[in-house]
Amino acid sequence: MANTFLLIAILIVLVVLYFLFNNYRKTMGDPHHDEHHHDGGDGVCCGRHTVCDKGYDNSSLYFDDEELDRFKDREQESYSDEEVEEFRTVLYTMKEEEVDQWVKCLAARHIELPSQLKDEIFLMLQQ
């Protein structure tokens, strides 16, 4: 009987610790961080995203693409063909090593990439 109470008490403590730990992670972690795609806490990229944001200071990134600022808060499927071409023009006028930083800069400015360009960008980042 005593062993049963001890086992129940241990289970209750574990459940409480689990919820406290999850609550702590949510309140202390990055508010934009997707909890399903974490890096395990070791600072190494998890590899589940097209662009890794580890080690980038988005506040210091700048690209001469302020004409794209008018697309702030637009959904990725809402762009016309002409608007997609504007993004494509900017994309292909930059160095390949700048593409990942440009994507992060757009995200920091709340500008979604057109869905039609995502495959092209992914291929550029894989090279």
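Here are some notes:
- Of all residues making up region 69-127, the number that are of a type in the set (D, E) and assigned to a loop (DSSP other than H, G, I, E, B): 4
- Answer residue from region 109-127, given it is closer than 17 Å to E66 by Cα and buried (at least 16 other Cβ atoms within 10 Å of the Cβ) and is modelled with the lowest pLDDT among those: R109
- Tabulated pairs, region 69-94, first at pLDDT below 95, second of a type in the set (D, E), C-beta under 6 angstrom, 6+ apart or interchain: Q76/E112; V90/D65
- Within region 91-108, tally of residues that are β-branched (V, I, T) and crowded, with 17+ Cβ neighbours inside 10 Å: 2
The values are calculated or read from the model by the stated rules, or taken from the named source; none is laboratory data. Owing to the predicted nature of the structure, the values given are computational and were not obtained by experimental measurement. Backbone-built Cβ (ideal geometry, glycine too); neighbour counts: all protein chains shown.
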